[in-house]
Amino acid sequence: MNIIYRPRRLRKSQAIRDMASETKLSPSMFVYPVFIREGKNIIEEIPSMPGQKRYSPDTLPRVLERAAESKIGGVLFFGIPEHKDECGSSAWNEDGVIQQAIRISKKEFPDLTIIGDVCLCEYTSHGHCGVIHDGKIENDPTLEILSRVAVSQARAGADIVAPSDMMDGHTAAIRTALDHEKFQDTLIMSYAVKYASAFYGPFREAAGSAPQFGDRKTYQMDPRNVREALRETALDIEEGADIIIVKPGLPYLDVLKSVKENFFVPTASYSVSGEYAMMKAASANGWLNEKNIALESAYSIARAGADIIISYYALDLAEWIRN
Ligand code: PBG
Ligand code: ZN
């Protein structure tokens with residue numbers, strides 16, 4: 001038999017496989033999430049996320065140095081305040097933990113792209129992403145607070161703000177507030193699609209942001225839906241989102257692909273804390289090879305359409321793909 005086309009020819013050597021591969025990863029597409037807590041001289045392990053740490057603003061440059069050297073796309077800051085209250089007032093304090101962190105970073109690493117998480121759950125005593133009235137999350141009053149938070153981060157020097165609250169209309173409210181304060185060039189990387197996922201568990205422990213009553217199902221999305229994700233994305237883009245986020249990562253590749261195919265803005269996938277914790281735990285037990293599964297996961301997310309990958313493995317991935 002004379003077989004003319006032989007797929008295996010393209011698999012002949014690593015060099016040919018690399019040349020012909022349909023998906024390429026580069027350090028510039030990775031964003032590394034960093035937890036910053038109030039205090040001095042602190043670097044502490046996060047038990048639910050082995051290998052990840054909480055830094056105080058003064059020790060933060062140590063990890064930023066690695067981020068800058070590895071030439072990743074940027075870092076995403078989550079602030080953990082000392083003081084929490086009903087409305088999350090520490091979140092927009094000009095001298096708050098994340099504002100301090102942003103100022104220090106911009107001073108020491110002016111070329112490193114800094115993204116500030118805009119949400120209230122780390123800052124509220126009840127742990128919800130919005131303000132509460134009669135046991136319910138109040139959407140519109142929350143928008144005003146989120147806008148204040150975004151402006152305070154832009155003022156501290158953030159290049160991008162990333163609202164993760166899932167309030168309706170958050171992007172329009174934040175865009176209007178930023179423009180009003182002359183921050184027209186500050187980007188909004190909006191969590192257009194964020195599911196009410198059980199994969200956020202380790203993060204909530206890391207950031208101390210677990211809801212003290214109820215859950216987030218009234219504002220985050222139902223894991224059974226995909227068309228809802230397209231409606232949310234359409235709204236966020238119309239409201240002025242520069243970059244959109246689909247979250248979590250691996251369990252939602254179908255959603256990511258659909259969003260990417262239907263819209264024309266840069267699309268980020270957030271490989272969340274639960275995905276990281278699973279990979280860490282299985283590799284710590286010797287059941288899976290950490291480097292191989294982390295790389296394969298990243299390739300899968302890129303193959304599904306992510307232009308940007310937010311991952312706790314960002315620094316490792318950047319190093320692995322370089323070698
Ligand atoms: C809070 C927020 C969460 C994550 C990012 N921002 C958790 C939540 O919604 O409870 C999850 C990130 C992760 O699990 O890595 N708005
Ligand atoms: Zn939140």
Condition (residue is under 27 Å from Met167 (Cβ atoms) and within 16 Å of ligand 1 (Cβ to nearest atom)) applied to segment 288-297: is it met by at least one residue?
no
Does segment 145-155 contain at least one residue that is more than 18 Å from the chain's Cα centre (by Cα) and either within 11 Å of ligand 2 (Cβ to nearest atom) or assigned to a loop (DSSP other than H, G, I, E, B) (or both)?
no
What do you reckon, is Asp140 away from ligand 1 (no atom under 12 Å from the Cβ), surrounded by fewer than 23 Cβ atoms within 10 Å (Cβ to Cβ), acidic (Asp, Glu) and closer than 26 Å to Lys53 by Cα?
no
What residue, among those in segment 238-258 that are more than 19 Å from Ser147 (Cβ to Cβ) and over 17 Å from the mean Cα position of the chain (by Cα), is surrounded by the fewest Cβ atoms within 10 Å (Cβ to Cβ)?
Asp254
Just to be sure I understand the filter: pairs with C-beta atoms under 7 Å, separated by 6 or more residues or on different chains, first member in segment 48-64 and more than 14 Å from Met278 (Cβ to Cβ), second member basic (Lys, Arg) and modelled with pLDDT of 95 or more. Which pairs pass?
Arg54/Arg37; Ser56/Arg37; Ser56/Lys40; Asp58/Lys40
Residue identified as touching a Phe, Trp or Tyr at 6+ places or on another chain (Cβ under 7 Å), in contact (Cβ under 8 Å) with a residue 40 or more places away in the chain and either hydrophobic (A, V, I, L, M, F, W, C) or more than 16 Å from ligand 1 (Cβ to nearest atom) (or both) among Ala206, Ala158, Ala198, Ala210:
Ala206
Has segment 173-185 got any residue that is closer than 26 Å to Thr233 by Cα, within 16 Å of ligand 2 (Cβ to nearest atom), buried (at least 23 other Cβ atoms within 10 Å of the Cβ) and under 21 Å from the mean Cα position of the chain (by Cα)?
yes
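To keep it simple, each residue is scored yes or no on (1) charged (D, E, K, R); (2) within 16 Å of ligand 2 (Cβ to nearest atom).
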{"residue": "Thr218", "(1), (2)": "no, yes"}
{"residue": "Arg224", "(1), (2)": "yes, no"}
{"residue": "Val255", "(1), (2)": "no, no"}
{"residue": "Ser258", "(1), (2)": "no, no"}
{"residue": "Asn262", "(1), (2)": "no, no"}
Tell me yes or no: at least one residue of segment 23-43 is in contact with a Lys or Arg (Cβ under 6 Å, 6 or more places away or on another chain) and either in a helix (DSSP H, G or I) or free of Cβ contacts under 8 Å to residues at least 40 places away in the same chain (or both).
yes
Output the qualifying pairs, or none if there are none: Cβ atoms under 9 angstrom, residues six or more apart or on different chains, first residue in segment 259-283 and more than 16 Å from Ala207 (Cα to Cα) and more than 12 Å from ligand 1 (Cβ to nearest atom), second residue of a type in the set (Ser, Thr, Tyr) and in a loop (DSSP other than H, G, I, E, B).
Met279/Tyr313; Lys280/Tyr312
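Are any of the residues in segment 192-204 away from ligand 2 (no atom under 16 Å from the Cβ) and among the aliphatic types (A, V, I, L, M)? Break it down stepwise before answering.
In the first step, residues of segment 192-204 are kept if they are away from ligand 2 (no atom under 16 Å from the Cβ); the result is none.
No.
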Within the bounds of segment 116-134, is there any residue that is in contact (Cβ under 8 Å) with a residue 24 or more places away in the chain and away from ligand 1 (no atom under 16 Å from the Cβ)?
no
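The values are calculated or read from the model by the stated rules, or taken from the named source; none is laboratory data. What you are looking at is a predicted structure, and each value in this text was computed from that prediction instead of being measured. Cβ atoms come from the backbone with ideal geometry, glycine included; neighbour counts cover every protein chain shown.
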